[in-house]
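Asker: Take a look at the following structure, please.
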């Protein structure tokens, strides 16, 4: 079984379509790690496209925010604007779909799927080894996939008790890596709003039989998404950042 692992599409249809085209024929099912909506101009279209695929999806903080399940006062002004705008756009079927997403899943008895972290699935950011290390205690499978930070990374549990875990920034489009025997927390990066200085859409390919995972990047027409955002009077920072991957 082969899985397309995606996260943080953030209503960026052009980026989502580019990922699906780039990964065409390379996966059997989609795992989505949350934040289908928020920030971008195509919330309904992105969810509707996901629904055409054999997939499973978990909830992210922006998915909850547009439903009123999360206090958007904790968001910065731009994110708050996007959440309130998205609330007004959602169709009833899309709203219902988002409202019924689980916050965590265990798949193939080997992979834990969460948006933020195993410890706090909706909100916690795993940006550094000091945050990743205690999170290894909060899942029981060999591997955990997370999103939320919009930055691809691999955290490898230390073989020595009480030592900090290792963090590795992955290479992209360089072939699959073997998952190995050490426990991992893996972030595939963001489809719709990368924040690691690379504007290309990020995703991952998991092969269960081969026990491999590959980090992938693909260029998409950023300007298409930006022009839509401008037409809806989105804050300039939200559309400008897409060209720089921050």
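Asker: Could you list, in sequence order, the residues of the range 178-197 that are under 30 Å from residue 240 (Cβ atoms) and over 15 Å from the mean Cα position of the chain (by Cα)? Walk me through how you get there before you give the answer.
Answerer: Filtering the range 178-197 for residues under 30 Å from residue 240 (Cβ atoms) gives 186-197.
Once the filter is applied, which keeps residues that are under 30 Å from residue 240 (Cβ atoms) and over 15 Å from the mean Cα position of the chain (by Cα), the range 178-197 yields only 197.
Asker: Also, I was wondering about something else. Looking only at the range 227-237, decide whether some residue is in a helix (DSSP H, G or I), modelled with pLDDT of 95 or more and crowded, with 20+ Cβ neighbours inside 10 Å.
Answerer: First, pick out the residues of the range 227-237 that are in a helix (DSSP H, G or I): 227-231, 236-237.
Then drop every residue that is not modelled with pLDDT of 95 or more, which leaves 227-231, 236-237.
After this cut, where a residue has to be crowded, with 20+ Cβ neighbours inside 10 Å as well, the list is 229.
For the range 227-237, residues in a helix (DSSP H, G or I), modelled with pLDDT of 95 or more and crowded, with 20+ Cβ neighbours inside 10 Å: present.
Asker: Working only within the range 172-187, note down all residues that are assigned to a loop (DSSP other than H, G, I, E, B), farther than 18 Å from residue 146 by Cα and in contact with a strand residue (DSSP E or B) (Cβ under 7 Å, 6 or more places away or on another chain).
Answerer: Of everything in the range 172-187, those that are assigned to a loop (DSSP other than H, G, I, E, B), farther than 18 Å from residue 146 by Cα and in contact with a strand residue (DSSP E or B) (Cβ under 7 Å, 6 or more places away or on another chain) turn out to be 173, 175, 176.
Asker: Would you be able to tell me the number of residues in the range 122-148 that are buried (at least 18 other Cβ atoms within 10 Å of the Cβ) and out of contact with any helix residue (DSSP H, G or I) (no Cβ under 6 Å at 6 or more places or on another chain)? Steps first, please.
Answerer: Here is the first cut: in the range 122-148, the residues buried (at least 18 other Cβ atoms within 10 Å of the Cβ) are 122, 124, 126, 132-133, 135-136, 139, 143-148.
Of the ones still in play, those that are also out of contact with any helix residue (DSSP H, G or I) (no Cβ under 6 Å at 6 or more places or on another chain) are 124, 132-133, 135-136, 139, 143-148.
Result for the range 122-148: 12.
Asker: Considering only the range 1-41, how many residues are out of contact with any helix residue (DSSP H, G or I) (no Cβ under 8 Å at 6 or more places or on another chain) and part of a loop (DSSP other than H, G, I, E, B)?
Answerer: 10
Asker: Anything in the range 191-210 that is in contact with a strand residue (DSSP E or B) (Cβ under 6 Å, 6 or more places away or on another chain), surrounded by fewer than 24 Cβ atoms within 10 Å (Cβ to Cβ) and either modelled with pLDDT under 95 or under 26 Å from residue 107 (Cα atoms) (or both)? List them, or say none.
Answerer: Listed by number, the residues that qualify are 205, 207.
Asker: Yes or no: the range 72-81 includes at least one residue that is crowded, with 16+ Cβ neighbours inside 10 Å, without any contact (Cβ under 8 Å) to a residue 40 or more places away in the chain and part of a helix (DSSP H, G or I).
Answerer: yes
Asker: Further question: Give the residues of the range 99-131 that are more than 15 Å from the chain's Cα centre (by Cα) and not in a loop (DSSP other than H, G, I, E, B), sorted by residue number.
Answerer: Hits for the range 99-131 are 99, 106, 107, 111, 129, 130, 131.
The values are calculated or read from the model by the stated rules, or taken from the named source; none is laboratory data. From a predicted model like this one, the values you see are computed outputs, not experimental measurements. Here Cβ is always computed from backbone atoms with ideal geometry, including for glycine, and neighbour counts include all displayed protein chains.
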